[in-house]
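So the structure is just underneath, and the comments pick up after that.
What follows draws every value from the coordinates through simple rules; no lab data is involved. This one's a predicted model, so the numbers in the text were calculated from it and none came from an experiment. With ideal geometry, Cβ positions are generated from the backbone for all residues, glycine too; neighbour counts draw on all protein chains shown.
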Amino acid sequence: MPPTSTSSVLQQIQPTIFRFTKMLASVLQLDVEIVDADMVRISGTGPFAKLIGKKLNGNSRLLSHVLKEKEEKVVIQSRVDQLCEDCRDKGSCKEKAFIGVPIMVQQVCVGVISLVALTPEQQLRIKENAHEISEYVRYISHIFVSKIIGGQNAGDDLGEVFTSLIENMDQGVLVLDENEQVRSINPVALKQLNCTPEKILGRMVNIRPRPYQQDAASGYLQHIVTFADRREIIIGQMHRRQNYQLFLMAFHQPHPAIPDEQAASDPRIGHIIGESRPMRVLKALLTRVATSPSSVLIVSESGTGKEVVARAIHELSGRSNQPFVAINCAAIPEALQESELFGYLKGAFTGASTAGKVGLIQSANGGTLFLDEIGDMSLGMQAKLLRTIENREVQPIGASKPVPVDIRIIAATHQKLEQFIAERKFREDLFYRINVIPLTIPPLREREGDIELLAHYFINLHSNRIGGVYPGISPEVVKLLPQYHWPGNVRELSNLMEYLVNVVPSGDIIDESLLPPNITNGLRPRAAGGTEKVFESIRACDAGTSITMIESMERQMIEEALSRHKNKKLAADELGIGVATLYRKINKYSANPA
Ligand SMILES: Nc1ncnc2c1ncn2[C@@H]1O[C@H](COP(=O)(O)OP(=O)(O)OP(=O)(O)O)[C@@H](O)[C@H]1O
Ligand SMILES: [Mg+2]
């Protein structure tokens, strides 16, 4: 449907803005609200996800202020700010801190992006990094919004221009349709493949990346191109557009023989990306234990890949043709757990469906039951589950006798179950029943080399998903990523790459300027770093270090730097921060002397 003339430019691209909002909130770990120039809420996360498309009432003073002034507004402590003074909602306002940044497109303010702190941790994050965050958001919103608005206006009659461009390009171009048949190939590609048009046009060609052999520096990947009886290694980039695959070929890599990776690494485990030592050990262990009927307990930090590993075990087991049923024990309300897990007969209780219901455990019969977040299961359910595991049977509610089940159990948790046992939150007997094969997945920061590998893997995955161009990634970014501590593990890395793929300007590569401040501020000190790196690590702030201790270290470093340099710029340079930040910190510490 064509946009109506009354809808704002941001309203017209609302779904894209919504996606952007969610990603921005996830990488900055703050809630986000976006309004257009008419104060219509275009998108939001958390409490701001409601009332999308509605005009906000006159009490959104901070947002109105940014719109009017076209200037960023930072509020470290909401409610005490002048703008909040006679606000009607002051008493009930949950916002602790706020950063509002105007979205400028060709000098016109088309809306506001606001970042809101609702928890004390988020408030501290805004307080510590307000300047960096607002600068960063202004920059990112500018490229993202201009890219989208610019993209909308691009004409559709460029087909001919592109065809002639491709013919004359000095890079090889190969276009495949949805059946992997060659639709077009340019002269350079023919030369690189040492082939003639008759031999390849309309023929099937298979192109697949070799994820472990990629050239990390350029973002290009080695691909194995298979056609007729030939297999070639081509360094290039794959772009997917609608049903077409467009392969841009950088160069052909001579090779003696291409090792068959399918044989070397089982494809059923191939989607667990990781070649670091601990991951190789884990993968070898998985293949060994997969065929056993014994229960497995996976314990690891959040986002490390527990579900990925559980699914791989299922795929490698003799049960792979049978169901894999995943139950998130933390997500099912306690009152529903019994009926969901064990099912019920018709008329078992008031409100029960007349048809009855097969429980999730029974629906896994013959296959694998994945009990995710088992640490969050109530003690009552633990007792019932224990009976199921011991006797391999379930008793649906209202049934007079149990039903036998044949299931392989894989349980997972990020909790310390031994501690839960000591606190009587987890049954010891159940623990021993499920912990027959214990598996731990290492946190991402301990997988040397895998961060780069996963970064490329996710860039490829997400750019294919959004049907966009595969962007390169600068060597600096590739070098920086392993220095961050990745508290959210693989999921956090995946989210970041998805976000970067979305915000990178078309035709550009992902460089340092696109990295959000919490990633760059959270870098660990490099071995050969000077004071700046120490300063950075202070800002990274170990979870265990108290804020006062960090502040006193920071204060001491600032004093020392100022005693060495009269010039504030030089002092700021030595500390690795901007002059504005240095002034802000000097003000802060002189207002509250030690
Ligand atoms: N080794 C890996 N290779 C490829 N993708 C991975 C890998 N590990 C994790 N992922 C991806 O990262 C995300 C998180 O993985 P998963 O859900 O399995 O983690 P989890 O440990 O179960 O997290 P949580 O404790 O938060 O539930 C998923 O999108 C998954 O596909
Ligand atoms: Mg999980």
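Structure notes:
- Residue pairs, from the table 283/416; 94/127; 22/306; 50/94, whose Cα atoms sit over 19 Å apart: 283/416; 22/306
- Its alpha carbons give region 10-76 an Rg and a Dmax of 11.7, 33 Å.
- The slack in the chain from residue 244 to residue 181, taken as 0.36 nm per residue of separation less the alpha-carbon distance, amounts to 21.7 nm.
- Region 1-88: trypsin sites (Lys or Arg not before Pro) in DSSP coil with no more than 16 other Cβ atoms inside 10 Å: 50, 54, 70, 79, 88
- Straight-line reach from residue 68: taking Cα to Cα under 20 Å and skipping same-chain neighbours fewer than 8 places apart, the aspartates and glutamates in range are 33, 36, 38, 81, 85, 86, 135.
- Euclidean distance between Cα centres, region 172-197 to region 435-463, Å: 34
- Taking label positions 7 Å along the Cα-Cβ direction at both residue 513 and residue 386, the computed distance is 6.2 nm, reported to one decimal.
- The reciprocal of the average 1/r between distinct C-alpha atoms defines the Kirkwood hydrodynamic radius, which for region 9-153 equals 15.1 Å.
- Bridging of residue 479 to lysines at a Cα separation below 25 Å is possible for 533, once same-chain residues fewer than 8 apart are set aside.
- Average projection area in nm² (convex hull over Cα atoms of region 267-440, one quarter of hull surface): 10.5
- FRET efficiency for residue 429 and residue 280, using Cβ-Cβ distance with R0 set to 25 Å, rounded to 0.05: 0.15
- Computed E for residue 363/residue 415 - FRET, C-beta separation, R0 30 angstrom, nearest 0.05: 0.70
- FRET efficiency estimate (nearest 0.05) - Cβ-Cβ, residue 485 to residue 208, R0 56 angstrom: 0.95
- Qualifying GluC sites (Glu not before Pro) for region 13-120 [loop in DSSP, other Cβ within 10 Å: at most 10]: 85
- For residue 191, the lysines whose Cα comes closer than 16 Å to its Cα, not counting residues fewer than 8 places off in the same chain, are 199.
- For a label point 7 Å along the Cα-to-beta-carbon line of residue 38, residues of region 46-75 with backbone N under 16 Å: 52-58
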